[in-house]
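The values are calculated or read from the model by the stated rules, or taken from the named source; none is laboratory data. Everything numeric in this text was worked out from a predicted model, so none of it was measured. Positions of Cβ are backbone-derived with ideal geometry, glycine not excepted, and every protein chain shown enters the neighbour counts. For the accessible areas, the whole protein counts, side chains as well, though only heavy atoms, and no ligand, DNA or RNA atoms are used. Shrake-Rupley method; radii C 1.70, N 1.55, O 1.52, S 1.80 Å.
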Amino acid sequence: YSDVVKILKQRWAGLQISHFPVQVQGVQAVPTLLQALQLINNDYAKKLDVVIVTRGGGSMEDLQAFNDEQVVRAIFALQVPSIAAIGHERDITLSELAADVRASTPSNAAELAVPDKRDVMYQLQTLVQQQERNLQQLYHIAQQRVSDAVVTLDNQVSRYTTTVHNLQQRFGMQLVRWQTEVTLRQQDVEHAVTLLQSYNPKQVLQRGYSMTTLANGTVVT
């Protein structure tokens, strides 16, 4: 138990460890094992992440409680993932075969139960670095797209500016032609008005006139 707790705390600090003490050999081994497994299933199934069923080494006679059919069935019926490590690596019991995972030793069971925080930190650091590289790549891609868009926009603005300038020049030249034509037409109109006014009878009469007649009153033409 001490070795398991020590390794658990070394690999991942801050764990909440529930200890269910049982007899691991002798007459009371099977009843206490069944009682503990039933208690776990009834009261702790939703509170635990994993159950480690373990004991230290001993002779095959000492491990017989973990070959008991009731114990094996109780371990198989656990509603919580289970790791079994009974005795040494060379020792194999039916309880270990019924568990979800068999560990070679109690210390190995602790290693299988929780990850090593150093490995997790390394994985997190790797993921963070990968995300940073991905973000930098996305940033460079976005930066390149913005640069390309700015160049395209500058080219379009330059073309539009040139087009507007050309239109302004053409409009200015056309406006000069229109003004010249209007001036000429205005001069023609003014000349026609002057000429028309010179032929106006009233205009002639305003200069004064006389009529010459013969003695008999005949108008001399």
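For the residues Tyr139, Tyr44, Tyr199, a GNM of the chain with alpha-carbon springs under 10 Å puts the largest fluctuation on Tyr199.
In whole percent, how big is the carbon plus sulfur part of the accessible area of the chain, probe 1.4 Å, protein atoms only?
So the carbon and sulfur contribution to the accessible surface is 56 percent.
Before anything else, pin down the relative contact order of segment 53-210: Cα pairs under 8 Å, at least 6 apart, normalised by residue count, whole percent. Dividing the mean separation by the residue count of segment 53-210 yields 14 percent.
Of the candidates Glu190, Glu69, Glu96, which one comes out as most mobile in a Gaussian network treatment of the chain with C-alpha springs shorter than 10 Å? Looking only at Glu190, Glu69, Glu96, the largest GNM fluctuation is found for Glu190. Think of segment 111-175 as having a plus end and a minus end, set by charges on the Cβ of Lys, Arg, Asp and Glu; of Val146, Val114, Leu135, Val146 sits farthest toward the positive end of this dipole.
Amide H contacts of Gln23 (H built 1.01 Å from N, in plane; Pro and chain starts excluded): Thr32, Leu33 sit under 5 Å, all sequence-distant by 5 or more or on other chains. Per residue, the chain exposes 76 Å² of solvent-accessible protein surface, assessed with a 1.4 angstrom probe and all protein chains in place.
Taking 0.36 nm per residue of sequence separation and subtracting the Cα-Cα distance, how much length would be gained by fully extending the chain between Ser2 and His165, in nm to one decimal? Before the final figure, lay out each step's value.
Numbers: separation 163, 0.36 × 163 = 58.68 nm, distance 8.95 nm.
The Ser2-His165 span can extend by a further 49.7 nm.
At an R0 of 35 angstrom, the distance between the Cβ atoms of Leu112 and Tyr139 translates into a FRET efficiency of 0.25.
What number, in percent, do you get for the relative contact order of segment 42-94 if the mean sequence gap of Cα pairs under 8 Å and at least 6 apart is divided by its residue count? With pairs under 8 Å counted, the relative contact order is 52 percent.
When the Gaussian network model of the chain links Cα atoms closer than 10 Å, the mean-square fluctuations of Asp68, Asp148, Asp91 top out at Asp148. A helix-only calculation puts the chain at -20000 deg cm²/dmol for mean residue ellipticity at 222 nm, using -39500 (n - 2.57) for each DSSP H run of at least four residues, averaged over all residues.
Computed from Cα atoms, the angle from the helix 2-11 axis to the main principal axis of the chain rounds to 10 degrees.
Potential lengthening of the chain between Leu127 and Leu39 amounts to 27.6 nm, from the contour at 0.36 nm per residue minus the alpha-carbon distance.
Out of (1) 167; (2) 148; (3) 310, which label holds the value of volume of the Cα convex hull per residue in Å³ that was computed here? Working out volume of the Cα convex hull per residue in Å³ from the coordinates points to (3). Computed with a 1.4 Å probe over protein heavy atoms only, the accessible area of Lys9 comes to about 120 Å².
Under 15 Å of direct C-alpha separation, and excluding same-chain neighbours fewer than eight residues apart, Lys9 reaches these aspartates and glutamates: Glu111, Asp116, Asp119.
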